[in-house]
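A short write-up of the structure that comes next.
We did not get these values from a lab; they are worked out from the coordinates using the rules stated. Since the structure is predicted, the reported quantities are computational estimates derived from the model, not experimental observations. All Cβ positions, glycine included, derive from the backbone under ideal geometry; neighbour counts span all protein chains shown.
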Amino acid sequence: MKVLVIGASGTIGSAIVEAFSGHEVIKAGYSSGDVTVNIEDPKSIEDMYRKTGKVDAVISATGKAIFGEITKIGEEDVRISLLNKMGGQINLVRIGLDYINDGSSFTLTSGDLSQKPAKDSALITAVGIGIEGFARATALSLPGNSRINVVSPSLIRESAIKFNLPLKGSVPAAEVASWFLESATGEKNGMVRGIDGWE
């Protein structure tokens, strides 16, 4: 299987690349990888796909959304959150439809704040819900027997250790990577994988 991993150099992305050992993996990132891409720019996404050619799975482990107090969130914070994490992943699918084989899959990333909001998570929560809603609706009409799912990770254990955060509720990157593998190699469609399973 030919797998495109966007965000391949990150903590989750690196674990995903390892989880797909044995497959042909193309690593993509903003400034490093086999190909580079700025997911805020549809032309950059198109250029990436032209370089990779047809793929069997698109994995998105990327996207930026702003965490902050609602009274202090600015226009640029909103722009980044909507155009990067949500709009960027939507465009990875929209543009990618011309570059996938029949029976291929897309797996996007939201985050557990989409369903479990926290103080100051308004933008992240809104964007996560948007990504999950997009995937559920898109799954109803994808061509060529293709599929789409979302992985919604909680705090990654390696990140918690790095930033000296509480480990309770954290999940190892390798475990989260296995959810992406399940999405790409299984039969699920229009579903979200979180710490409690597929829903």
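Here are the numbers for the structure shown:
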{"item": "Theoretical ellipticity at 222 nm over the chain - DSSP helices of four or more residues, -39500 (n - 2.57) apiece, nearest 500", "result": "-10500 deg cm²/dmol"}
{"item": "Size of charge dipole - the range 2-198 - debye, nearest 20, with Cβ of Lys, Arg +1 and Asp, Glu -1, no other charges", "result": "140"}
{"item": "Efficiency of FRET between Lys116 and Glu175 - r from beta-carbon atoms, R0 22 angstrom, step 0.05", "result": "0.75"}
{"item": "Residues whose placed amide H lies under 5 Å from that of Gly190, excluding near-sequence neighbours", "result": "Ile148, Asn149"}
{"item": "Length released on extending from Glu187 to Glu75, taking residue separation times 0.36 nm less the Cα-Cα span", "result": "36.3 nm"}
{"item": "Least to most buried among Thr71, Thr138 (fewest other Cβ within 10 Å first)", "result": "Thr71, Thr138"}
{"item": "The chain: angle of helix 87-96 to the longest principal axis, Cα-based, in degrees nearest 10", "result": "10"}
{"item": "Which of Ile129, Ile6 has the fewest Cβ neighbours within 10 Å, and the rest in rising order", "result": "Ile129, Ile6"}
{"item": "Nearest-ten-degree value, helix 122-138 long axis tilted from longest Cα axis of the chain", "result": "30"}
{"item": "Helix 173-185 vs. the chain, principal-axis angle (Cα, 0 to 90°, nearest 10)", "result": "40"}
{"item": "Burial ordering of Phe180, Phe67, Phe163, fewest other beta-carbon atoms within 10 Å first", "result": "Phe163, Phe67, Phe180"}
{"item": "Percent of beta bridges antiparallel (DSSP, the range 2-198, rounded to nearest 5)", "result": "10"}
{"item": "Extension gain, Ser21 back to Leu165 (0.36 nm per residue minus Cα-Cα distance, nm)", "result": "48.8 nm"}
